[in-house]
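Reviewing the structure listed below.
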Amino acid sequence: MIKIRKLNKFFYHPATLHALKSIDLDVHKGETVVIIGPSGSGKSTLLRCVNRLEYAEGGDIFIEDKNALDPKCDINAIRAEVGMVFQSFNLFPHLSVLENVTLAQLAVRHRKKTEAERRAMALLESVGIAEKHSASPDQLSGGQQQRVAIARALAMDPKVMLFDEPTSALDPEMVGEVLDAMRKLAKGGMTMLVVTHEMGFAREVADRVIFMDNGVIIEDSSPGELFSNPRHERTKAFLDQIL
């Protein structure tokens, strides 16, 4: 579903930083791949390059058979197939929960309002927040807002879901409800690429865990192998610090 080859990304201010160094990565249909690693290792940058929120200077990123880095590609068409959930919820504060989940359906998918609202309510139900459909975002907790953001991304019927540390801005007691929504997605067969510090989630839900450091994929293996018997000393040192 996602094929990344020789991906390189640089940042030039205040000094040149080689953020991603010749990354190769495959994510197959229905897989949940979790990326872990220290801050500044390139995890979020990699995720943002997949739907070209960051433009990589070299390499290829294929979503199915479409190359997101091809200047001739219709990036909006690719983005319509790739849902993304960020650290911050990015809900429109002047719209209700239901309106937040229907807006892109109307504007991008060109669905009728009744169809968009029916889809939105079904998704809000699936993430356990349908009763808040008429509330505004500022009436919700952080965990509730993040679940609305997940429903909004799913409303576009994406083929791939990207999660960029979706629980890092939440109070600890709200983390579980967001992870539960993500577990349901994984069990339902959604293709997911997840950056997270939630090691329990990675161990339980991931098909594969990627460890990144300094812009490089250091290790790519099953959760059981990576957490119990990491092959690389850098992976072991990182896990010893956080587990």
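The values are calculated or read from the model by the stated rules, or taken from the named source; none is laboratory data. Since we're looking at a predicted model, the values are computed, not measured. Using ideal geometry, Cβ is built from the backbone for each residue, glycine included, and neighbour counts are taken over all protein chains shown. Remember, those area values only see protein heavy atoms, side chains included, never the ligands or the DNA or RNA. Shrake-Rupley method; radii C 1.70, N 1.55, O 1.52, S 1.80 Å.
Working only within the range 149-180, note down all residues that are of a type in the set (S, T, N, Q) and crowded, with 18+ Cβ neighbours inside 10 Å. Even if it seems obvious, please write down each step before you answer.
As a first pass, look at the range 149-180 and keep what is of a type in the set (S, T, N, Q): 167-168.
Hit for the range 149-180 is T167, nothing else.
Of everything in the range 138-148, what is open to solvent by less than 10 Å² (accessible area, probe 1.4 Å) and at pLDDT 95 or above? Give them in sequence order.
Here is the first cut: in the range 138-148, the ones open to solvent by less than 10 Å² (accessible area, probe 1.4 Å) are 143, 146, 148.
Correct list: V148 only.
Report yes if F211 is closer than 21 Å to N100 by Cβ and at pLDDT 95 or above, otherwise no. Lay out the reasoning, then the answer.
Working: closer than 21 Å to N100 by Cβ: no; at pLDDT 95 or above: yes.
Against the criterion (closer than 21 Å to N100 by Cβ and at pLDDT 95 or above), F211 does not qualify.
Residue by residue through the range 127-150, note down the ones that are aliphatic (A, V, I, L, M), in a helix (DSSP H, G or I) and in contact (Cβ under 8 Å) with a residue 12 or more places away in the chain. First the steps, then the outcome.
Applying the first criterion (aliphatic (A, V, I, L, M)) to the range 127-150 yields 127, 129-130, 135, 140, 148-150.
Remaining after also requiring in a helix (DSSP H, G or I): 130, 148-150.
Within the range 127-150, V148, A149, I150 meet the criteria.
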Consider K72 against the criteria (1) closer than 30 Å to E198 by Cα; (2) without any contact (Cβ under 8 Å) to a residue 40 or more places away in the chain; (3) out of contact with any strand residue (DSSP E or B) (no Cβ under 6 Å at 6 or more places or on another chain); (4) charged (D, E, K, R): it satisfies all of them except one. Which criterion is unmet? (1)
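Taking the range 184-243, which residues are of a type in the set (S, T, Y), open to solvent by less than 80 Å² (accessible area, probe 1.4 Å) and not in a loop (DSSP other than H, G, I, E, B)? Working first, answer last.
The initial filter retains those residues of the range 184-243 that are of a type in the set (S, T, Y), namely 191, 196, 221-222, 228, 235.
Subset that is open to solvent by less than 80 Å² (accessible area, probe 1.4 Å): 191, 196, 221-222, 235.
Hits for the range 184-243 are T191, S221, T235.
This table checks each residue for (1) within 16 Å of L162 (Cβ to Cβ); (2) modelled with pLDDT under 95.
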{"position": "M1", "(1), (2)": "yes, yes"}
{"position": "S22", "(1), (2)": "no, no"}
{"position": "I36", "(1), (2)": "yes, no"}
{"position": "L53", "(1), (2)": "yes, yes"}
{"position": "G58", "(1), (2)": "no, yes"}
{"position": "S96", "(1), (2)": "no, no"}
Tell me, yes or no, whether the range 218-226 has at least one residue that is among the hydrophobic types (A, V, I, L, M, F, W, C), modelled with pLDDT of 95 or more and under 19 Å from the mean Cα position of the chain (by Cα). no
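Of R119, R109, R52, which residue is surrounded by 13 or more Cβ atoms within 10 Å (Cβ to Cβ) and outside any loop (DSSP other than H, G, I, E, B)? First the steps, then the outcome.
Numbers: R109 fails: outside any loop (DSSP other than H, G, I, E, B); R52 fails: outside any loop (DSSP other than H, G, I, E, B).
When all the criteria are applied, what remains is R119.
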Across the range 1-49, which residue is nearest to H197 (Cα to Cα) among those that are surrounded by 15 or more Cβ atoms within 10 Å (Cβ to Cβ) and of a type in the set (G, A, S)? G37
Inside the range 58-73, can you point out the residues that are open to solvent by 90 Å² or more (accessible area, probe 1.4 Å) and under 21 Å from the mean Cα position of the chain (by Cα)? D65, K66
